[in-house]
1. When you check Thr5 against the structure, is it in contact with a Pro (Cβ under 8 Å, 6 or more places away or on another chain), in a helix (DSSP H, G or I) and surrounded by fewer than 21 Cβ atoms within 10 Å (Cβ to Cβ), yes or no?
2. State which residue is farthest from Tyr178 (Cα to Cα) when the search covers only the range 22-52 and only residues that are of a type in the set (D, E, K, R) and open to solvent by 60 Å² or more (accessible area, probe 1.4 Å).
3. Pairs please, first residue from the range 93-109 and over 11 Å from Thr126 (Cβ atoms), second anywhere and open to solvent by 40 Å² or more (accessible area, probe 1.4 Å) and not in a strand (DSSP E or B), Cβ atoms under 7 Å, 6+ apart in sequence or on different chains.
4. Taking the condition open to solvent by less than 50 Å² (accessible area, probe 1.4 Å) and modelled with pLDDT under 90, does Ala191 pass?
5. Take the range 133-162 and flag every residue that is charged (D, E, K, R) and in a strand (DSSP E or B).
6. List every residue pair whose Cβ atoms lie under 6 Å apart, where the two residues are 6 or more positions apart in sequence or sit on different chains, the first residue falls within the range 171-182 and is in contact (Cβ under 8 Å) with a residue 24 or more places away in the chain and among the hydroxyl-bearing types (Ser, Thr, Tyr), and the second residue, located anywhere, is part of a strand (DSSP E or B) and open to solvent by 50 Å² or more (accessible area, probe 1.4 Å).
7. Can you work out which of the residues in the range 147-174 that are modelled with pLDDT under 85 and not β-branched (Val, Ile, Thr) is nearest to Thr25 (Cα to Cα)?
8. Looking only at residues in the range 43-66 that are of a type in the set (Val, Ile, Thr) and over 16 Å from the mean Cα position of the chain (by Cα), which one is farthest from Val211 (Cα to Cα)?
Amino acid sequence: MKSRTVSIALLNSMTKVSANDTTTTTLLEQLWNDSVKTVCSIRSGKWWFLQTVKSISSVASQQGYAIPGGIRKLVDIYITVGTTVYTPTPVYSPEAWNNILAAQLGESDVPRYYFVQDNKVLIEPTPASTAQTITFRGRKNVPDLTVDDDSVTVSAIANGATTVTVSSGALVSMAGKYLRITSLATGAAGAGDGQWYEIASATVGTTIELVSPYEGTTLSGASAAATVAEMTPIPEAYDMAPIYRALALFYQINDPINRGLIDSYWRLYDGGQEAGLSQ
């Protein structure tokens, strides 16, 4: 996986633009962020890697719930009460929703319908208690990535665990980023597995929680070098795609008569379809 920092450095190298040229580097970064969003929007954004779920608890007598941040497009919701999972029927017509409201279904912990209005989900009957867990299933919002890679020192993590103890560098803002403990020579002390793990949460100065279990060798009392980085949601096998698209756009702006170079990058990106070079 190529982090935001690695991707921008690669663009600098491929265009021979110095990182000290902040104006042009900023342009490259903007083109790259735009290209990441473009790739994620192909097929109307219906990619498996953009699927996400987020859950909140109901509030007694509260009908409306804001769709959690980070969800660009809501697909559906399901509601769990105890061990029972309910899948309320979506209502798309405002007129039909008004008819449901007119039926005065009251309050209940058995949801039957939901309606999306002003970035909120309205539930009928209105939840009667805090016993409900409302799970939103949708597609991720893809924000611009702007933060450079950062370094941390890992002192402990067990194989199969999700809790990472750090001796320096943990920040609350790490949530949603990725952690990689540097892989060293086989058998070297303090070696990680060199794989990227998504960060679920972090506590300032002490602990990082990973989304999935660590697969490397257990570290204890270590001083292992690690990197925390922003990543796109695009699968690793395709993370060159936004780089190729950014290069095509960059040379269209800066060297428009060099059609051979421009077209080669469009073809590397998607076979030339977006640029009209191929069907």
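The values are calculated or read from the model by the stated rules, or taken from the named source; none is laboratory data. Because the structure is predicted, anything quoted here is derived from the model rather than measured. Here Cβ is always computed from backbone atoms with ideal geometry, including for glycine, and neighbour counts include all displayed protein chains. Protein only, heavy atoms only, side chains kept; ligands, DNA and RNA dropped before computing areas. Shrake-Rupley method; radii C 1.70, N 1.55, O 1.52, S 1.80 Å.
1. no
2. Narrowing the range 22-52 to residues of a type in the set (D, E, K, R): 29, 34, 37, 43, 46.
Now restrict to residues that are open to solvent by 60 Å² or more (accessible area, probe 1.4 Å): 34, 37, 43, 46.
Details: Asp34: 21, Lys37: 19, Arg43: 26, Lys46: 23 Å.
Looking at residues that are of a type in the set (D, E, K, R) and open to solvent by 60 Å² or more (accessible area, probe 1.4 Å), I get Arg43.
3. Listed pairs, sorted by first residue: none to list.
4. Considered against the rule, which asks whether it is open to solvent by less than 50 Å² (accessible area, probe 1.4 Å) and modelled with pLDDT under 90, Ala191 comes out as yes.
5. Once the filter is applied, which keeps residues that are charged (D, E, K, R) and in a strand (DSSP E or B), the range 133-162 yields Arg137, Arg139, Lys140, Asp150.
6. Pairs found: Tyr178/Glu198; Thr182/Ala225.
7. Ser173
8. Residue satisfying both the conditions and the ranking: Val59.
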